[in-house]
Amino acid sequence: MAKIIAGVSSSHVPAIGAAIDNKQTEEPYWKRVFSGFEKSKEWMAQAKPDVVILIYNDHASAFSVEMVPTFALGCAAEFPPADEGWGPRPVPVVKGHPQLAAHIAQSVILDEFDITVVNKMEVDHGLTVPMNLLFGSPKEWPCPVIPVAVNVVLYPPPTGHRCFMLGRAIRKAVESYPEDLRVVVFGTGGMSHQISGPRAGLINSKFDKAFLDNLTKDPKKLTRIQHLEYMREAGAEGIEMVMWLVMRGALEDKVDEVYRFYTVPASNTAVGHIILEPHRRAAKKSAGKAKKPAGKMKRAAARAKVQRIRS
Ligand SMILES: [Fe+2]
């Protein structure tokens, strides 16, 4: 059976993609950002997922304001990079996984979670930037990707709670897929930022860091954050963080935080990143060691695994 082996969240700032494409990653400003993802790339190279389910939002690239689905599931065999105004990014075409995507569509829709099936779609920086951050810049992406687009552009976006429940429905779908696939779910967007209006440039590190803490420890608390609170505390575009809750809903209640990175700014956005593994998996990893640690020691070992880099 397929299973979700980890959840990953990261910002998807378009300027990060431009820095990669223009070979500026070694410049001091950008090195600060990219250095935070070096360990993540190592982790990903070891995790070697068979499929990624990537939650992101389209920025008027695939969907214009004429038609904006609240939740859209990419069921195509491939998803070319979108032209966002300066030509498509020089990144590989994203290969899909139509069989698993069709299974997810059937499972979540018959489970009364309506989702729009998309059989042709281009993908923009919202999807390709997190791919670069976690996989680098290979000639071909190492695994298929199922894009899940969430509307956070046109009012009203879905609630954080609804996003969390979508994650739950996706997990149920994945776990009922007969093939042995190891799946990583990405949540992308955020963190705090506002790109226009009198509060343009707003960043709220306190809110962001509390969000990261609760993503690990108390995600249900995050599902109660209302749209107005996101806008007030994290800026107009901070609402993108509801997409992280899809990722979190797809994981077990109890998780181990294996990595975190937070830095400000990249362009005008706070960059946040976290890797979570189901608690069971971490416990399994430590099994087989000479002596079984007592409860207290287990918790200390889990804490020691958490590597925090904050700047
Ligand atoms: Fe975005």
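Descriptive notes on the structure:
Yes or no, residue by residue, for (1) away from the ligand (no atom under 16 Å from the Cβ); (2) open to solvent by 30 Å² or more (accessible area, probe 1.4 Å); (3) more than 22 Å from LYS95 (Cα to Cα):
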position	(1), (2), (3)
SER10	no, no, no
GLU27	yes, yes, yes
TRP30	yes, no, yes
PHE34	yes, no, yes
LYS39	yes, yes, yes
ALA47	yes, no, no
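- The number of residues in region 49-61 being open to solvent by 10 Å² or more (accessible area, probe 1.4 Å) and more than 16 Å from VAL184 (Cα to Cα) comes to 4.
- VAL152 buried (at least 18 other Cβ atoms within 10 Å of the Cβ) and not in a loop (DSSP other than H, G, I, E, B): no
- Only one of SER205, SER192 that is under 23 Å from VAL129 (Cα atoms), open to solvent by 10 Å² or more (accessible area, probe 1.4 Å) and of a type in the set (Ser, Thr, Tyr): SER205
- Residues (away from the ligand (no atom under 16 Å from the Cβ) and open to solvent by 10 Å² or more (accessible area, probe 1.4 Å)) located in region 155-168: PRO156, THR159, HIS161, ARG162, MET165, ARG168
- Odd one out for VAL152 among (1) within 15 Å of the ligand (Cβ to nearest atom); (2) within 13 Å of the chain's Cα centre (by Cα): (2)
- Complete set of residues in region 101-121 that are within 15 Å of PRO69 (Cβ to Cβ) and either polar (S, T, N, Q) or out of contact with any Leu (no Cβ under 7 Å at 6 or more places or on another chain) (or both): VAL108, ILE109, ASP114, THR116, ASN119, LYS120, MET121
- Scanning region 173-194 for residues that are more than 16 Å from the ligand (Cβ to nearest atom) and either in contact with a Ser or Thr (Cβ under 7 Å, 6 or more places away or on another chain) or under 21 Å from PRO265 (Cα atoms) (or both) yields a total of 2.
- Qualifying residue in region 236-249 (condition: surrounded by fewer than 20 Cβ atoms within 10 Å (Cβ to Cβ), within 15 Å of the ligand (Cβ to nearest atom) and under 26 Å from ILE115 (Cα atoms)): yes
- One residue stands out among those in region 12-25 that are in a loop (DSSP other than H, G, I, E, B) and farther than 13 Å from HIS273 by Cα: the one that is farthest from the ligand (Cβ to nearest atom), which is LYS23.
- Members of region 251-273 that are surrounded by fewer than 18 Cβ atoms within 10 Å (Cβ to Cβ) and touching a strand residue (DSSP E or B) at 6+ places or on another chain (Cβ under 9 Å): GLU252, LYS254, PRO265
- Inside region 62-83, residues that are surrounded by 17 or more Cβ atoms within 10 Å (Cβ to Cβ) and farther than 18 Å from VAL117 by Cβ make up a count of 2.
- Residue match in region 100-116 (condition: at pLDDT 95 or above, among the small types (Gly, Ala, Ser) and within 19 Å of GLY187 (Cα to Cα)): yes
- Region 208-235, residues that are open to solvent by 60 Å² or more (accessible area, probe 1.4 Å) and within 16 Å of the ligand (Cβ to nearest atom): MET231
- Residue list for region 170-183, restricted to those being of a type in the set (Asp, Glu) and in a loop (DSSP other than H, G, I, E, B): GLU179, ASP180
- Count of residues meeting criterion [more than 21 Å from GLU277 (Cβ to Cβ) and among the polar types (S, T, N, Q)] in region 28-56: 1
The values are calculated or read from the model by the stated rules, or taken from the named source; none is laboratory data. Nothing here was measured: the structure is a model prediction, and the numbers come from that model. Ideal geometry is used to build each Cβ from the backbone, glycine not excepted, and the neighbour counts take in all protein chains shown. Just the protein is used for accessible areas: all its heavy atoms, side chains included, with ligands, DNA and RNA removed. Shrake-Rupley method; radii C 1.70, N 1.55, O 1.52, S 1.80 Å.
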